[in-house]
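Peer 1: Quick one: structure below, then a few questions.
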Amino acid sequence: MIENFNFYLITVLAVIILTILVGWLLHNYILIPVFSFILMTLAAFVIPNFIEGTDWKPLFGYAVFLGVLSLIVSILVWMYVKGRKRKKELSTSDGGGKPVDTSTKDV
């Protein structure tokens, strides 16, 4: 196992930020979860060759964790974007592009 805390902190933050950016900008929600899983799985087999005392099994488990984390964040971004589009479509279809005032005022 890698004992450097920065490795884990940087990889988790990088996966979350890249998942949000790619999902929101490119609208490709499955690309980053698959890419992060493949990249970290390759790292799980390469890193033990260069660092003494590391095994591939914990790093492979960490790769699975990052893949699932990225998939969850990707689903949340997809739901947010879908909800925003739906809200925008409802507001433009009701008032010709203007938001509808639903307050009730006595005139």
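Every number here is computed from the coordinates shown, using simple stated rules; none is lab data. Note that this is a predicted model, so its numbers are computed, not measured. Every residue, glycine among them, receives a Cβ derived from its backbone with ideal geometry; neighbour counts consider all protein chains shown.
Peer 1: I'm trying to understand the selection: among the residues of the stretch 4-21, which are buried (at least 17 other Cβ atoms within 10 Å of the Cβ) and either within 17 Å of Phe60 (Cα to Cα) or in contact with a Phe, Trp or Tyr (Cβ under 8 Å, 6 or more places away or on another chain) (or both)?
Peer 2: Thr11, Val15
Peer 1: If you don't mind, there's one more thing I want to ask. How do the pairs read when you match residues in the stretch 13-42 that are in contact (Cβ under 8 Å) with a residue 40 or more places away in the chain with residues anywhere that are surrounded by 13 or more Cβ atoms within 10 Å (Cβ to Cβ) and of a type in the set (Phe, Trp, Tyr), using Cβ under 6 Å and keeping only pairs 6 or more apart or on different chains?
Peer 2: Gly23/Tyr29; Tyr29/Trp78
One line per residue, one yes/no per condition, for (1) over 21 Å from the mean Cα position of the chain (by Cα); (2) among the acidic types (Asp, Glu); (3) assigned to a helix (DSSP H, G or I):
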| position | (1), (2), (3) |
| --- | --- |
| Leu13 | no, no, yes |
| Ile17 | no, no, yes |
| Trp24 | no, no, yes |
| Ile38 | no, no, yes |
| Ala43 | no, no, yes |
| Thr54 | yes, no, no |
| Ser93 | yes, no, yes |
